[in-house]
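**Student:** First the structure, then my questions, so here it is.
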Amino acid sequence: MTENYTALYDQHKKAGASFTDFGGWQMPLKYTSELAEHHAVRNAAGLFDLSHMGEVWVTGPDAGAFLDYALAGKLSAIAVGKAKYSLICDADGGIIDDLISYRRGEEKYLVVPNAGNATKVAAALVERAANFDVAVEDVSAETSLIAVQGPNAEAILLQLVPAEQHSLVTELKYYAAVEVGIAVNGKVQTLLLARTGYTGEDGFEIYVPNDDAARLWEALLDAGAAHGLIPAGLACRDSLRLEAGMPLYGNELSLRVNAYAAGLGPVVSLAKESDFVGKEALAAIKAAGVGSTMGQKLVGLKGMGRRAARGHYPVLKDGTLVGEVTSGQPSPTLGYPVAMAYVDVEHSEVGTVLDVDLRGKAERFEVVALPFYKRSK
């Protein structure tokens, strides 16, 4: 059994969660039914423990310039209070991690890497900071992260926020964050609230000290009871993000993949004045006009039958291997199988019909545009 447990582990046990190892952490896979949890997020709200994610503060006069060098995006250009999705790459353009950075002040950023990469990203940031006037502080071990996702997320949160601060929540834009008072155990605490998400629905993430995490979790469940809120595990989180066409590190993203192959070219700012780690390699890849050194790119696949593709299943064209599935399962929302796969560029056009080898039997899939699902508002 893994040694890493979040501050909410006891809450998950009491709720009857089944657990899985994820990024070196024991995390709730599901509580009752992953299908019910998936539909709750799409139609009402789900409560997620994301405390396995990392939190790294970058502060100092050179904070913006440093992140411009350390990451592939132009972090110095985002306004205070806003957030930006970006990549941290190695010198060859391979993806070390995809992450979100929040600008919390002129000289202050919060960088949030993925669970399994948090230590690696923090170490890379420290190493890359050598020539900049910045401090890099990894506070992952003392910080919990709780997410409320779904169309009722805002209504639930407003029950815990003082009336005079409601506008801070209702006017918070997507990919932005604000400090707001949240009532926990009768006491209002000022916590960092972000509006990003990884499910394709509206929702919020709350950064909270470990000591207060359990009380906040229970307060949110109580506030959300009348709004259909239920705890949700990683199984439904995976089906939700797949429907929304969002890549998962270790599946769609890795050191062997570059931004252009993964369809993340717009995240890379080759035009920024400063150099950044991986810039030369990524510029060469873009100039070559191919998605990757293997000439493949990430696509969405819609099943034309009932059987679902799974990760690592071969993708074929007229019996010839042309790619590999990275993620796949039946879509609870759409009612047909969906998958993402890397396929040879010449077979990546929308409308192309391919086969996936489902354990010896070919099943037809059509290349479609991502995302598979997009919320109506």
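**Student:** How far apart, in nanometres, would the label points at residue 166 and residue 346 be if each is projected 7 angstrom from Cα along the Cα-to-Cβ direction?
**Tutor:** Going from the residue 166 label point to the residue 346 one covers 6.1 nm.
**Student:** For a quick check of your reading of the filter: which GluC sites (Glu not before Pro) in the range 36-121 sit in a DSSP loop and have no more than 10 other Cβ atoms within 10 Å?
**Tutor:** 106
**Student:** So which trypsin sites (Lys or Arg not before Pro) in the range 234-297 end up in coil per DSSP with only 15 or fewer other C-beta atoms within 10 Å?
**Tutor:** The qualifying sites are 256.
**Student:** If you average the C-alpha positions of the range 1-58 and of the range 220-243 separately, how far apart do those two centres end up, in angstrom?
**Tutor:** Centre-to-centre distance over Cα atoms comes out at 10 Å.
**Student:** Please work out, to two decimal places, the log10 of the ratio I(q)/I(0) at q = 0.17, 0.20, 0.21, 0.22 Å⁻¹ from a Debye calculation in which every Cα of the range 295-372 carries one identical scatterer.
**Tutor:** Cα-only, vacuum Debye calculation for the range 295-372: -0.51, -0.72, -0.80, -0.88.
**Student:** What are the extents of the Cα atoms of the chain along their three principal axes, listed from largest to smallest and rounded to whole Å?
**Tutor:** 65, 51, 42
**Student:** For the chain, give the percent of accessible area contributed by carbon and sulfur heavy atoms, probe 1.4 Å, rounded to a whole number.
**Tutor:** 50
**Student:** As an exercise, find the ratio Rg/Rh for the range 1-119 from alpha-carbon atoms, using the Kirkwood inverse-distance average for Rh.
**Tutor:** Rounded to two decimals, Rg over Rh is 1.06.
**Student:** List the equivalent ellipsoid semi-axes of the range 219-270 in whole Å, largest first, each obtained as the square root of 5λ for an eigenvalue λ of the Cα gyration tensor.
**Tutor:** Calculated on Cα positions only, the semi-axes equal 34, 13, 9 Å.
**Student:** Let me ask you something else. Just the accessible area per residue of the chain, please: how many Å² with a 1.4 Å probe?
**Tutor:** 43
**Student:** Determine the gain in length on full extension of the stretch residue 139-residue 321; use 0.36 nm per residue of separation and subtract their C-alpha separation, reporting nm with one decimal.
**Tutor:** Contour length minus Cα-Cα distance gives 61.0 nm.
**Student:** A follow-up question, please. Set the Förster distance to 22 Å, then compute FRET efficiency between residue 270 and residue 368 from the Cβ-Cβ distance, nearest 0.05.
**Tutor:** Here the calculated transfer efficiency is 0.15.
**Student:** If you wrap a convex hull around the Cα atoms of the range 93-221, how much volume per residue is inside, in Å³?
**Tutor:** 134
**Student:** Using a 1.4 Å probe and ignoring any ligands, DNA or RNA, find the accessible area of residue 336 and quote it in Å² to the nearest 10.
**Tutor:** The value for residue 336 is about 60 Å².
The values are calculated or read from the model by the stated rules, or taken from the named source; none is laboratory data. This is a predicted model, so every value here is computed, not measured. We place every Cβ from the backbone using ideal geometry, glycine too, and count neighbours over all the protein chains shown. Each accessible area value is taken on the protein alone, full model and side chains, heavy atoms only, with ligands, DNA and RNA left out. Shrake-Rupley method; radii C 1.70, N 1.55, O 1.52, S 1.80 Å.
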